[in-house]
Each structure stands twice: as structure tokens, then as C-alpha cells.
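Presented below is the structure to which this report refers.
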Amino acid sequence: MEILFVVLISACVTAMEVRAENETEIRTDSEFIDGGYGRKCDCRCGERNEASRIIGGVETAVNEFPWVARLSYHNKFYCGGSLINDRYVLTAAHCVKTFMWFMIKVTLGEHDRCNTTHRPVTHFVVQVLAHNFSFTDFRDDIALLKLNKMVAVTDSVKPVCLPRNDDSTYTGVKAIAAGWGTVSEGKNQSCYLQEVELPILSNQACKEAKYTPTMIGDGMLCAGYPDVGQKDTCQGDSGGPLSAERSDKRHEQLGVVSWGIGCGRPGYPGVYTRVTKYLSWIRSNAKYGCFCSI
């Protein structure tokens with residue numbers, strides 16, 4: 001089946017794309033303490049369950065990306081996220097801002113979200129930590145969800161690695177976005193977890209596309225094919241991970257699906273929150289979880 005566009009979540013509209021649905025209220029913690037990683041666990045982050053790589057908006061192998069999380073609100077799928085340690089999920093702030101945090105559920109280890117017989121791992125959210133996000137400019141579009149209990153690391157559920165530092169812009173790196181969002185603009189969301197490979201652009205190249213330069217901040221990252229479009233994230237992919245393979249074959253998360261204009265349109269590559277700009281904030285606020293030591 002030919003898939004022209006890869007979309008994994010948000011809200012494809014003709015203006016700035018807000019990749020989320022349903023809005024309510026949220027609990028926000030504005031007191032952030034700088035610090036390093038918290039407890040360390042004897043586990044390995046970012047280990048992809050290998051399968052044949054078919055790029056261009058295709059179904060992943062079952063649990064190929066075991067850190068991908070599905071967010072539900074009132075039992076309805078609406079956003080994505082990623083497991084970063086045994087207690088916290090990283091997502092986009094616009095997926096939680098104005099939402100009632102106690103109505104958000106996080107599902108892990110899932111491939112077919114439409115399968116009613118398979119029982120994946122589901123957790124409730126007990127706290128939402130959102131950065132200083134605003135819908136007016138989509139800067140600081142990043143948030144953490146604290147789960148009600150620790151997550152057992154298994155072959156089908158394991159955390160993604162975080163970048164070690166902010167030394168690289170990752171320009172030219174081929175990254176992978178994964179989610180259950182729509183498979184083309186205005187279409188239905190996917191039952192099966194989808195993946196698409198996208199090259200990371202420099203922020204200057206992104207500003208030189210069709211976006212107004214002031215729309216692209218330092219805390220953002222663009223990925224895609226501005227000349228031809230076609231491959232992108234879309235409705236339902238917001239909050240999901242953009243990850244890339246390191247030299248040790250493990251995946252580290254470089255971006256969080258944030259916004260865009262339309263889905264897969266020429267001149268409008270997808271825009272992501274640049275994870276490396278928020279490493280201190282993430283480490284400080286997720287310190288009550290256990291990060292993989294290796």
C-alpha cells in the first residue's frame with residue numbers, strides 16, 4: 001500500500017499546526033532545580049528491537065521502538081510521548097497544557113492500538129511538569145508526565161536514551177519519527193505504529209524555507225524534505241519522539257513532535273522541540289525516576 005505522507009500526530013491546519021485535540025486544565029510545576037541524573041538502573045536505553053528498515057511512512061515491526069508511548073484523554077488517543085526512565089514520559093507541552101492531568105493515561109509496549117484483545121501496559125499520570133510554553137509562538141513545547149508507578153523494563157518496554165550534551169546540532173543526521181498519527185493530511189489516524197526517516201535540517205535552512213524566520217527559535221529543530229515534502233509527522237503525532245541511532249547502535253531522542261503548517265507540504269518541514277536545549281530541565285525534573293546506567 002503506497003503511503004504518500006507520514007503523519008504521526010498534531011492538528012494539520014492551514015495555519016500553525018497544533019498537534020493535539022481536547023483541551024482542559026493542567027497541573028504545572030514552575031520550580032525547577034538544576035541538577036544531574038537521578039538514580040541509575042541496571043538497564044540499557046535506546047535499544048531498538050531490530051527489523052528490516054523500510055523508510056517512507058511504513059508500519060514498524062512489533063515493539064521496534066519500545067520507548068514510544070500513546071497518550072489517551074478520556075480514553076481517546078490524542079498524542080504521543082516517549083519513556084525516558086522508569087517513571088517519566090517526555091511529551092509536548094501543548095499535549096498537556098489546559099488538560100486535566102488526572103484524565104491522561106499512558107500506554108506503553110503497544111503496536112496495534114485498535115487491538116482490543118491485547119492488554120498493553122497502561123499507567124495513570126500523577127503529575128504534569130510543563131515548561132514555560134505558550135500557544136502564541138510554540139516555544140518551550142516540552143513537558144514531563146510522572147507515572148503512578150515504576151515501569152518494568154522489558155523487551156517490549158524500555159526507555160530511549162537522552163543526548164549526552166548540547167555539543168551537536170545534528171544537521172544532516174537521518175532521524176526517525178514514530179507514532180499513530182494520520183497517514184496523510186486530513187486522513188484517519190493509524191491503528192499501527194508508523195515510522196518515517198527524516199533528515200535533520202539546520203535552523204538556517206528551515207528559516208530559508210517558507211516559514212517566517214522568527215517562527216523558528218533556537219529551542220526548535222526542523223526535519224524533513226522542504227523541496228518536495230511528502231514525508232512528515234501530522235495529526236496524532238504531537239509529543240512523540242524523533243530519535244537517531246548513535247555510533248553504539250542505540251537510539252537517543254533529539255526532538256519532540258511539536259508543530260508544522262499542514263503535513264508533508266513542500267516548503268514546510270516538521271518542527272520539533274530540540275531536546276538538547278532542555279537536558280538540564282529534563283534531568284532535574286525527572287530525577288525521581290531511575291535512568292538506565294548504560
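The values are calculated or read from the model by the stated rules, or taken from the named source; none is laboratory data. Model, not experiment: these values are computed from the prediction. Glycine gets a Cβ as well: all are built from the backbone with ideal geometry, and neighbour counts include every protein chain shown. Protein only, heavy atoms only, side chains kept; ligands, DNA and RNA dropped before computing areas. Shrake-Rupley method; radii C 1.70, N 1.55, O 1.52, S 1.80 Å.
Here the condition is being in contact (Cβ under 8 Å) with a residue 60 or more places away in the chain and of a type in the set (A, V, I, L, M, F, W, C); of Leu242, Leu221, it holds for Leu242 alone.
Sort out which residues of region 167-188 are open to solvent by 70 Å² or more (accessible area, probe 1.4 Å) and within 22 Å of Trp281 (Cβ to Cβ), and write them in order of number.
Here is the first cut: in region 167-188, the residues open to solvent by 70 Å² or more (accessible area, probe 1.4 Å) are 167, 169, 171, 174, 187-188.
The answer is Asp167, Thr169.
Inspect all residues belonging to region 244-260 and state whether any of them is in contact with a Phe, Trp or Tyr (Cβ under 8 Å, 6 or more places away or on another chain), crowded, with 24+ Cβ neighbours inside 10 Å, part of a loop (DSSP other than H, G, I, E, B) and not aromatic (Phe, Trp, Tyr). Within region 244-260, one or more residues are in contact with a Phe, Trp or Tyr (Cβ under 8 Å, 6 or more places away or on another chain), crowded, with 24+ Cβ neighbours inside 10 Å, part of a loop (DSSP other than H, G, I, E, B) and not aromatic (Phe, Trp, Tyr). Selection of region 116-151 for residues being over 10 Å from Arg87 (Cβ atoms), in a loop (DSSP other than H, G, I, E, B) and in contact with a Lys or Arg (Cβ under 7 Å, 6 or more places away or on another chain) yields only Phe133.
Each residue in region 114-129 was checked for being touching a residue at least 60 places away in the same chain (Cβ under 8 Å) and touching a Leu at 6+ places or on another chain (Cβ under 8 Å), and 3 of them qualify.
For Tyr272, indicate whether it is on the phi < 0 side of the Ramachandran plot, in a strand (DSSP E or B) and either acidic (Asp, Glu) or out of contact with any Asp or Glu (no Cβ under 8 Å at 6 or more places or on another chain) (or both).
When the stated conditions are applied, Tyr272 passes them.
Candidates in region 63-99 are the residues that are more than 14 Å from Gly179 (Cα to Cα) and among the β-branched types (Val, Ile, Thr); of these, the one that is most open to solvent (accessible area, probe 1.4 Å) is Thr98. Of all the residues in region 159-194, those that are within 17 Å of the chain's Cα centre (by Cα), assigned to a loop (DSSP other than H, G, I, E, B) and over 22 Å from Cys45 (Cβ atoms) number 4.
For Thr122, the criteria (1) at pLDDT below 95; (2) surrounded by fewer than 21 Cβ atoms within 10 Å (Cβ to Cβ); (3) touching a His at 6+ places or on another chain (Cβ under 7 Å) hold in every case but one, which is (3).
Scanning region 210-227 finds no residues that are modelled with pLDDT under 95, of a type in the set (A, V, I, L, M, F, W, C) and part of a loop (DSSP other than H, G, I, E, B).
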